[in-house]
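S.K.: The structure under discussion is supplied below as C-alpha cells; questions concerning it will follow.
The values are calculated or read from the model by the stated rules, or taken from the named source; none is laboratory data. In this text the structure is predicted, and so the values were computed from the model without any measurement. Here the Cβ is made from the backbone with ideal geometry for all residues, glycine too, and neighbour counts use every protein chain on show.
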Amino acid sequence: MQAVSQKMETPEKGSFWLPNAFFFALIHLGALLGGIYLSPPSTLCKQTIILTILCWQLPCFGITIGYHRLWSHKAFRAVKPVRFVLAIFGTMAFQGSIKWWVLRHRLHHRFTDDPVHDPYAATRGLFFSHMGWIFRKPTYTKLPLIEKDDLDRDPIVRFQHKYYVPLALFTGLVLPTMIAATWGDAMGGYIWGGLVGRVLVWHCTFLVNSLAHWEGLQPYTDEITARGNLIMAMLTCGEGNHNFHAFPHDFRAGPNILDWDPSKWIITMLYRLGLATGLRKAHPEDIKAAQAWILSHHHEPFPASANDEAETDSAESTDEVVLAKWSLNELNKQAKQRGCLLVIDGFVVDASSYVGDHPGGSVFLRRYAVPKEGARTSEEWRKATWAFQGGMNVHSRIAKRRMMSMRVAELME
C-alpha cells in the first residue's frame with residue numbers, strides 16, 4: 001500500500017464501544033437469520049425485491065449526494081425541499097446524523113491516512129478502515145479545528161440531529177415494513193427492505209473508506225492511499241472514483257464524461273431544474289497539473305519536504321517569478337486594501353479570490369489572515385505557516401501548488 005509521507009503518531013486503541021458494536025452485530029444477525037428462516041429469497045415477490053433495491057440505493061444517494069458532497073464539502077447548494085429529501089434518505093442509512101457524519105468526514109480530509117487523527121485511516125489496516133473503527137470509542141483531539149458553523153445554521157441539519165434516533169428507526173425499519181404490508185409482505189419488507197437494506201448501505205459506504213484505499217488507479221495523486229476503479233464506483237453511486245477526491249470540493253467524482261458517477265448526474269439534473277446552484281469544480285489547470293505530475297514522476301519517490309519546490313509542476317513553478325519585498329508597514333497597508341492576506345513561510349499570499357473556494361471553509365482562512373486593523377495588533381496571523389504545514393491540515397501537492405501561485409511578496413521584517 002502507498003506509504004504516507006508525513007510522520008505519524010502512534011494511535012490509541014480506544015475502549016470497546018459496546019452499544020455501537022451490539023447494534024451493528026444485531027442488524028447483521030437479524031438480516032442473516034431473517035433472510036434464511038423468516039423471509040427466504042425464494043418467497044420474495046417482485047414488489048419486495050424492488051423495495052429492497054430502493055431501500056439500499058436511496059440511502060446511498062442520501063450519503064453520497066447529501067451527507068458527502070452537499071454538507072461535508074459544500075460542492076453545491078440545494079433548495080430546502082431537496083435538502084429535506086436528502087436528509088431523510090441519509091437518515092435511512094443508519095450512519096449517524098448529518099452533523100456527526102460531516103464533522104468526522106471533514107476531519108478525515110484534514111488528516112487523511114493519519115492513524116491518530118483520521119477517524120477511519122486506511123493506514124491502520126483494511127478491517128479497521130472498513131468497520132473496525134465502529135467498535136472503538138473515538139477520541140478526536142483535532143475535532144475542535146473543524147468548521148461547523150454552516151451545519152449549526154442549517155435548520156434541517158439541526159432538526160435531524162436532534163431527532164435522529166426516532167427518525168432513523170422509522171425511516172430505516174418501520175417505513176419499509178409499512179410499505180410492504182400494503183401488498184401483504186410486512187415481514188419481507190422488514191427483513192429485506194429494513195435489515196438487509198441497512199447492511200448493504202453500510203458496507204457499500206464502508207468500501208469507500210477501505211477497499212477504495214487499497215485497490216485501483218491513482219491518476220491524480222499518490223500522496224494519499226485513495227484509489228479508484230469502476231467496480232467500486234458502481235457499488236458506491238460513483239464514489240469509487242476515489243482518487244479524484246484529491247479535489248474534495250468538486251461536485252463530481254471524476255471530470256470525464258465516461259466516469260461512472262450517478263451522483264454527479266443527479267446533481268447536474270437538479271441544477272438544470274433550478275433546484276441546485278453553485279456547482280463547484282476543480283480548476284482545469286490544477287487537474288492537468290496533477291495528472292502531468294503523476295505521469296512524469298510515478299517512478300520517483302514522493303518529495304519529503306513540505307517546502308520542496310519540486311512539488312509543483314516545473315512548467316508552472318513560481319521559482320522564476322520575481323516577487324516584491326514588503327516591510328511590515330507595507331503589509332499593514334496592503335491588508336487594509338485586500339480581502340485576505342496570509343503570511344506563509346515568509347511569503348505573503350493573497351488568498352482574497354480563493355476564500356470562497358477553500359475546501360476547509362472561509363472561517364479558518366480568515367482566522368490566520370493578516371488583520372485589517374494592523375499586523376502588529378494580532379499574533380494569530382503568524383501561525384499561518386504552522387496551520388498550512390500540518391497544524392490545521394495535511395495539504396496536498398495540489399494545494400501547495402495553488403498556494404504558491406498566489407504569492408505576491410516576500411515579507412522583510
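S.K.: Please work out which one of (1) modelled with pLDDT under 95; (2) part of a helix (DSSP H, G or I); (3) of a type in the set (G, A, S) is the condition G35 fails and give its number.
M.R.: Against the list (1) modelled with pLDDT under 95; (2) part of a helix (DSSP H, G or I); (3) of a type in the set (G, A, S), G35 comes up short only on (1).
S.K.: Which ones in the range 285-300 are closer than 16 Å to K400 by Cα and either in contact (Cβ under 8 Å) with a residue 40 or more places away in the chain or exposed (fewer than 14 other Cβ atoms within 10 Å of the Cβ) (or both)?
M.R.: Once the filter is applied, which keeps residues that are closer than 16 Å to K400 by Cα and either in contact (Cβ under 8 Å) with a residue 40 or more places away in the chain or exposed (fewer than 14 other Cβ atoms within 10 Å of the Cβ) (or both), the range 285-300 yields E285, D286, I287, K288, A289, A290, Q291, W293, I294.
S.K.: From (1) surrounded by fewer than 20 Cβ atoms within 10 Å (Cβ to Cβ); (2) modelled with pLDDT under 95; (3) in a helix (DSSP H, G or I), pick out the condition that doesn't hold for D259.
M.R.: Tallying (1) surrounded by fewer than 20 Cβ atoms within 10 Å (Cβ to Cβ); (2) modelled with pLDDT under 95; (3) in a helix (DSSP H, G or I), D259 fails exactly one: (3).
S.K.: Mind listing just one residue for me: the one in the range 363-413 that is in a helix (DSSP H, G or I), among the hydroxyl-bearing types (S, T, Y) and at pLDDT 70 or above and, of those, nearest to L70 (Cα to Cα)?
M.R.: Out of the qualifying residues, it is S405.
S.K.: A further question on this structure: So which pairs qualify, if the first residue must be in the range 39-68 and assigned by TED's automatic domain parsing to the domain that holds M178 and part of a helix (DSSP H, G or I), the second must be β-branched (V, I, T) and surrounded by fewer than 16 Cβ atoms within 10 Å (Cβ to Cβ), the Cβ gap must be under 8 Å, and the two must be at least 6 apart or on different chains?
M.R.: That search, which allows pairs on different chains as well, returns nothing.
S.K.: For the range 165-186, which positions are in contact (Cβ under 8 Å) with a residue 40 or more places away in the chain and surrounded by fewer than 17 Cβ atoms within 10 Å (Cβ to Cβ)?
M.R.: Result: W183, single match.
S.K.: Separate question: Checking W100 against (1) surrounded by fewer than 21 Cβ atoms within 10 Å (Cβ to Cβ); (2) among the aromatic types (F, W, Y); (3) modelled with pLDDT under 95, only one condition comes out false. Which one?
M.R.: (3)
S.K.: Counting only residues that are touching a residue at least 60 places away in the same chain (Cβ under 8 Å) and part of a loop (DSSP other than H, G, I, E, B), how many does the range 231-246 have?
M.R.: Here the count works out to 4.
S.K.: Restricting the search to the range 65-103, which residues are touching a Pro at 6+ places or on another chain (Cβ under 9 Å) and not β-branched (V, I, T)?
M.R.: Within the range 65-103, S72, H73, K74, A75, K80, F89, G90, M92, A93, F94, Q95 qualify.
S.K.: If a residue counts only when it is closer than 27 Å to W56 by Cβ and out of contact with any strand residue (DSSP E or B) (no Cβ under 7 Å at 6 or more places or on another chain), which helices (runs of 4 or more DSSP H) contained entirely in the range 127-201 have at least 3 such residues?
M.R.: 155-162, 164-169, 175-181
S.K.: Based on this model, can you work out whether R106 counts as at pLDDT below 95 and either crowded, with 22+ Cβ neighbours inside 10 Å or β-branched (V, I, T) (or both)?
M.R.: Numbers: at pLDDT below 95: yes; either crowded, with 22+ Cβ neighbours inside 10 Å or β-branched (V, I, T) (or both): yes.
When the stated conditions are applied, R106 passes them.
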